[in-house]
Amino acid sequence: MSEALEPLRAPQREEMLLNMGPQHPSTHGVINLLVESDGEVISRVIPEVGYLHRSIEKIGEKVTYNGFMPYTDRVDYVAAMTANEGYAMAVERLLGVTADIPRRASYCRTIASELCRIASHHVSTGTMVMDVGAFSPFLWWLRERETINDFMEELCGARLTYNYMRIGGVMADIPRGFDRRVLRWLDHFEPIIDEFNRAASTNKIFIERLADVGIIDKEMAIAWGLVGPNLRASGLKFDVRKNIPYSVYPEFDFDIPIGTGFYGTAGDSYDRFYVRILEMKESCKILRQALEGIPEGDYMAKVPRKIKPELDEAYAAVEAARGEMGYYVVSNGEENAWRVKVRTGSFTATQVMQPIAPGTMIGDVVAMFASLDVVAPELDR
Amino acid sequence: MNSELPALQKVADAIIAAAFGVDPATWPLTELVYLAFMGAAAGAVFGFALNFAGFFIFFERRIAARMQSRIGPNRVGPQGLLQFMVDGLKCLFKEDLVPTEADQPLFRMAPYFVVLGMVLAFAAMPFSSALIATDINIGILFVLGVTSLVVIGVLMGGWGSNSKWALLGGMRSAAQVISYEIPAGLAAMTVIIISGSLSMQDLIAAQGGDGIVSWGIFHSPFTVAAFFVFFVAQLAEGNRTPFDLPEAESELVSGYNTEYSGMRFLMFFLGEFANVWILCAVSVALFLGGWQIPFGTLEDGMTPSPWLVGATGPLFAVMLAGASIPAAFIGVQIFRYRSRAHAAIDRAKIPGMAPGLTRMALHGGLDGAMLVHLLAAVGLVGAAAFQLSGGFAETFEGITGFAWAAVRAPIAINGLQFGVFVAKTLGLVFIVIQLRWTLPRIRVDQMMTLCWKYLVPISFACMLGVLVWELVVYAVPILGLIMRVAMFFVVVAVFAMYVKKIKASYDVDKDNYENFTGESAWHPPWKLV
Amino acid sequence: MAVTIKSYIDNIKDAASSVFEGMSVTMSYMFRRPSTIQYPDRIPKPVHEMLPARYRGFLEVDMDICTACLACERACPIECIKIDAAKDKETRRLVMSRFDIDIAKCMFCGLCSEPCPTGAITHTPHFEAANAFVENLTFRFVPQDSSVEAFKPFKGYDAPRKRRGDVLEAMGLVHTAARTRAFKPPPLDLPRLPPPKVAGVVDKAAKFELPTDRVSSFAPKVIGATKEKLAVVLEEVMAGTDCGTCDWPTCKEYAEALAFGKDDNPHKCEPGGVDSKYEADVVLRSWKAGALVPEAKGEAPPAAPAEGAAPAEGAAPAEAPAADTPAES
């Protein structure tokens, strides 16, 4: 980092070095963007990470397999369910019990994950609108998100760090009347998406702020390792749920929205925003199918209480709200893993700020960074 | 026009002549009365500015909250109305921090410039035909000029803070305010052309005659466009969303006031909020008829239409009855908490005084205040009733020799004008608040594009258009009136469309919401949960 | 981008119509019900009564049915539960001298309440932990300087493995003990409570070493007995909490497994502590030898030959072979 900054400190340079973060209203967590600017125009952005490093991967080597589950909540606290699911799937592969997972458990997981995906996109699109300056749409989203939190509270007893999934199934069955309540909420929520679009997404100022800003084309997106909505916004149809199917996702009928340059060029900030809005609608579709078709049965497979896998390794990837989230778990036959590695989407998304930021303005940096939907704990683990 | 004397002076003259039966020009005490009037006007204006800024914070927070599906401040005072006082007190008690590396004199001075610009603009603010601190003959120019003084304070604060965020904020502010002066000035030119004067009172007086259709905005399609251009430009000058770039919370932390805290921050805040009043009031004065009442004629404060003079009796009565409401409210509030307040006094140990005496004095004071307020309320209601009964003025004059009717007429008319002006301005203030909580913020280059590529040409076209309109359409006065009425109905149609859209937006979610939560979706804006 | 007259006018039109649209939506919210509530005072009923049954608030332990099996302590990933349990010398019953839960440290993951065999440890719907003194947030379920006897499930005890929240919901009750505990008045002089000193507390972190100063009371009973008799005696030796630490579902099955040679580590009874481990060890070895081993008589073992007789892995339970797969059916 120090040699990267050296040119900035040279006396002949006219540029100003701005520390956008780690305490800045728009970085959403402790990330530091070192911004080199000439007045309003940015000439360089260097993301500096590590402010939220909490050694979660190391903790994974010290606690039991079941005991690591609450920590996966903290890897991505905005969409903790998908983080849970990925880890549970990895350990199930390690134990070789993937085929024994009851279908009802898989449905419960899907319902929880999709609800969580909507909740996560609420935050990401809402903060995007907020960073561009409109405050109200964000709070309307939060209202809907609170309802999802209420559902989660009914489901597992927590509002943010769910710890709902277990190795071999889920913690508890869906409560009585839960499916009916969620379906009613979906009836209420789907028109609210259109209302949000009318108030924020189709606003001229909002479009002007995001369209044609921070364009990432297909090749660049692949080269920088983007995943999830950021990748799909660039026009590449890749979704772990479709391309590397897991759980019961092949049973559902849903589309993968991709960015086509809704108001500008494919892969601009507006596409990244709008792909998430479209994904919420797809999640609603999946939720309806899952809630109506949930089979009867157990919610937990027969798994030994003390988990001691053989000497083995396993990798499982899920489509989290911020793209492919992979867990790589290595066992040496002990009660705790020998190594746990978490692959998250935010890390690469932060890097891509470097090529897209130069030449834009300070306001654009905020909008671009918001459109990449970086969550700080996922970045640093 | 006929403004050889300031309006306030004319009111003073009228009252002296009518009440004491002396010629103001020869009476030795006239100067003193003038002085008292000026002092009262200045105090009223400054008090109004500060109180408005305070209450504006409450309204803004409350409206924002309801627009965001929240409740908003509701703890301090009735409905949370006194929240701003508590916030202000908190700010006053905070440490006055000055960064070590800051340019000390600039940093300390900056807030005063902001407040100065704000208060000076109130000097030429036409609250009614007489209620204006000074009706200088270049009123509108003066207001546009002194509000630009605010940018000096912002620049000083931005530079003096020695912070990069503040510097960027100050820079943006300077660019923005200076640029938007031009479309604002050009748009204001339209109404100046129509009235042929720069004086605020003359500008407003020119918008009377035929009731609501005489307002500047309905003059021609060009003035409608000019009104929107002027309003947008004023929003930019007042640093309101979508032009809040100088403070741009998500970009520049807090912009030019990042390093400020405590009292100086409060002054920036007050200046900003009082500025909202100024921008709305100027828009109202130029385009929405100022203090002109919608359905009546009031060309000049001293020569109102006969029906209005005849109606001053009931008007005065209504004002009296209205004034009784706050008095009654305070009295009832004290009465409600009387026993609790007495208990609190009993518990309190005040040093240096005999407990029995102190307690008695405080109890008495509390009860006295309650009684005074209740009596005042009863008295005002009684006076209103008395006012409505015929023959009051004659009886009063017969007993005291004081020409009541002559004094009552200007007070009642000015009161009405004041109410109309404030109502119009608050309506516009509401729209400013609503815009702030609806729109995103535009980028710096877009802000410049909007100004130079859109607003400036449009306002220039409007100015030329109004010139042509004046020459062509108003050559036939009846055609001009027809066009005015047509413009009025166009605006009414747009408003009706707006109401319909609101209803549609409400209906989209109504049934689903009620089905989902089991409670009614309807909730009027004034109701707390 | 080239600006044409059409795009110029379209821009103005789009801006005006979208602002109009947005304003109609924000305005409609002025007439809609706010979604927030006036926590904590202006709400129809206390928040903890509105929370769902599964809510994971403060932990609460019903000491009447706690078996001191330590399953919760082991399940906790952050070690915020501290239990000290030992067998009373006279009554031979399992006694807890400490059951502390540091709620300030707890992350409310719910992993502790799941393995509980009797459903004694549960989450309550209380969560308001704002407190002037962090000491108050250490919930002590065993009073200072006293002890609580562990619940011993009788034969065939069908423990309610259901979550307490469901039970409470069915009964229409909520737990209030946790609330009173969290809101007790703060200590004025901030005494930091010393850890309770109780005789016979086992330091679980230390390796298990067979005590040599004890006299076994069970070993004489098994000399020359059948395997069935041995199993009965061994079961008596166990703590009897059916905790499952030994990877056997119940104490009975563990005892039988030891007796019939399906399990060869007698040091797996964590709740029983030193007592159970010692007794199981000497009982098993005495039975195998057909005579009392030296440790059972309170003597030090002879240096070399004892190693061969005793199970080699007995010295450290943590290093026990992991080959056993418990039959969970």
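None of the figures in this text is laboratory data; all of them are computed from the coordinates on show. Source: prediction; values computed, not measured. Cβ sites come from the backbone with ideal geometry, for glycine too, and all protein chains shown count toward neighbours.
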Checklist entry - For the residues C:PHE58, B:PHE231, what sequence is obtained by ranking on other C-beta atoms within 10 Å, fewest first? => result B:PHE231, C:PHE58
Next on the checklist: If you average the C-alpha positions of segment C:231-269 and of segment A:33-79 separately, how far apart do those two centres end up, in angstrom?
Outcome noted: 46 Å
Checklist outcome for this item: Ranking B:LEU416, B:MET447, B:VAL432 by how far each Cα lies towards the positive end of the charge dipole of segment B:407-529 (+1 on Lys and Arg Cβ, -1 on Asp and Glu Cβ), the top one is B:LEU416
Checklist entry - Can you list the equivalent-ellipsoid semi-axes of segment B:165-235, largest first and in whole Å, using the square root of 5 times each Cα gyration tensor eigenvalue? => result 31, 12, 9
Checklist entry - Which whole-number percent of Cα pairs in segment A:217-287 have a distance greater than 14 Å? => result 58 percent
Checklist entry - Spin-label point model (7 Å from Cα, Cβ direction): what's the A:GLU313 to C:LYS262 distance in nm? => result 3.7 nm
Checklist entry - Which residue fluctuates the most in chain A, going by a Gaussian network model with Cα springs under 10 Å, if the choices are A:MET89, A:MET325, A:MET20? => result A:MET20
Checklist outcome for this item: FRET efficiency for B:ASN51 and B:TRP526 from the Cβ-Cβ distance with R0 = 22 Å, rounded to 0.05, comes out at 0.60
Checklist entry - Using a simple charge model, +1 on the beta-carbon of Lys and Arg, -1 on the beta-carbon of Asp and Glu, nothing else, what dipole does segment A:255-372 show about its Cα centre, in debye to the nearest 20? => result 260 debye
Item to check | Mean projection area, nm², convex hull over Cα of segment C:1-127 | outcome: 15.5 nm²
Checklist entry - 222 nm [θ] for chain A, helices only, -39500 (n - 2.57) per DSSP H run of 4+, per residue, to 500? => result -14500 deg cm²/dmol
Item to check | Under 16 Å from C:LYS227, Cα to Cα: lysines that are on another chain or at least 8 residues apart | outcome: C:LYS252, C:LYS262, C:LYS288
Next on the checklist: Report the Cα-based extents of segment B:197-242 along its three principal axes, largest first, to the nearest Å.
Outcome noted: 36, 24, 15
Checklist outcome for this item: Once amide hydrogens are built 1.01 Å from N within the peptide plane, the residues lying 5 or more places from A:MET361 or on another chain with amide H under 5 Å from its amide H are A:ILE42
Checklist entry - How fast does the protein assembly as shown diffuse by Stokes-Einstein, in µm²/s, taking the Kirkwood radius from C-alpha pairs at 25 °C and 0.890 mPa s? => result 68 µm²/s
Checklist entry - Among the aspartates and glutamates, which fall within straight-line cross-link reach of C:LYS105, defined as a Cα-Cα distance under 18 Å, with same-chain neighbours fewer than 8 residues apart omitted? => result A:ASP73, C:GLU60, C:GLU73, C:GLU79, C:GLU128, C:GLU135
Next on the checklist: Test of understanding: extend the Cα→C-beta vector of C:LYS89 to 7 Å, then name every residue of segment C:208-231 with backbone N under 16 Å from that spot.
Outcome noted: C:211-217
Item to check | Dimensions (Å) - segment A:333-378, Cα atoms, principal axes, largest first | outcome: 53, 16, 10
Checklist entry - For chain B, which DSSP H helices look membrane-span-like by this rule: Cα extent along the axis of 20 Å or more and mean Kyte-Doolittle of at least -0.5? => result B:30-67, B:104-123, B:164-195, B:221-237, B:262-287, B:312-336, B:355-388, B:404-436, B:456-472, B:477-517
Checklist outcome for this item: Going from the fewest other Cβ atoms within 10 Å to the most, one would list A:ARG54, B:ARG441, A:ARG241, A:ARG288 as A:ARG54, A:ARG288, A:ARG241, B:ARG441
Checklist entry - Given charges of +1 on the Cβ of Lys and Arg and -1 on the Cβ of Asp and Glu, with all other atoms neutral, how large is the dipole of the protein assembly as shown about its Cα centre, in debye to the nearest 20? => result 2100 debye
Checklist entry - What is the fewest-to-most order of A:THR260, B:THR449 by other Cβ atoms lying within 10 Å of their Cβ? => result A:THR260, B:THR449
Checklist entry - Using a cut-off of 17 Å between alpha-carbon atoms, which lysines can reach A:LYS204, once sequence neighbours fewer than 8 places away in the same chain are excluded? => result B:LYS453, C:LYS6, C:LYS13
Item to check | Distant-in-sequence amide H partners of C:ARG98 (H built 1.01 Å from N, under 5 Å) | outcome: C:ASP84
Item to check | ³J(HN,Hα) computed for each position of segment C:257-263 - Karplus, 6.51 cos²θ - 1.76 cosθ + 1.60, integer Hz, glycine/proline x | outcome: 4, 5, 5, 8, x, 6, 10
Checklist entry - Going toward the positive end of the dipole of the protein assembly as shown, with +1 on Lys and Arg Cβ and -1 on Asp and Glu Cβ, which of A:ASN149, A:TYR328, B:SER220 do you reach last? => result A:ASN149
Item to check | Tilt relative to chain A, helix A:103-132 - C-alpha long axis, 0 to 90 degrees, to 10 | outcome: 20 degrees
Checklist entry - Of the cross-linked pairs A:LYS242/A:LYS281; B:LYS501/B:LYS527; A:LYS306/C:LYS89; A:LYS218/A:LYS281; B:LYS94/B:LYS164, which ones have a Cα-Cα span greater than 28 Å in the structure shown? => result A:LYS306/C:LYS89
Next on the checklist: Can you find, among A:ALA211, C:VAL215, B:LEU235, the residue sitting farthest towards the positive end of the charge dipole of the protein assembly as shown, where Lys and Arg contribute +1 and Asp and Glu -1 at Cβ?
Outcome noted: C:VAL215
Next on the checklist: Just to check I understand the Karplus step: with θ = phi - 60° and J = 6.51 cos²θ - 1.76 cosθ + 1.60, what whole-Hz values come out for segment C:219-230, glycine and proline as x?
Outcome noted: 4, x, 5, 9, 5, x, 7, 7, 5, 5, 4, 4
Checklist entry - Equivalent-ellipsoid semi-axes (√(5λ), Cα gyration tensor) for chain B, whole Å, largest first? => result 38, 35, 26
Checklist entry - By how many nm would the segment from B:ASP346 to B:GLN104 lengthen if fully extended, with 0.36 nm per residue of separation less the alpha-carbon distance? => result 82.3 nm
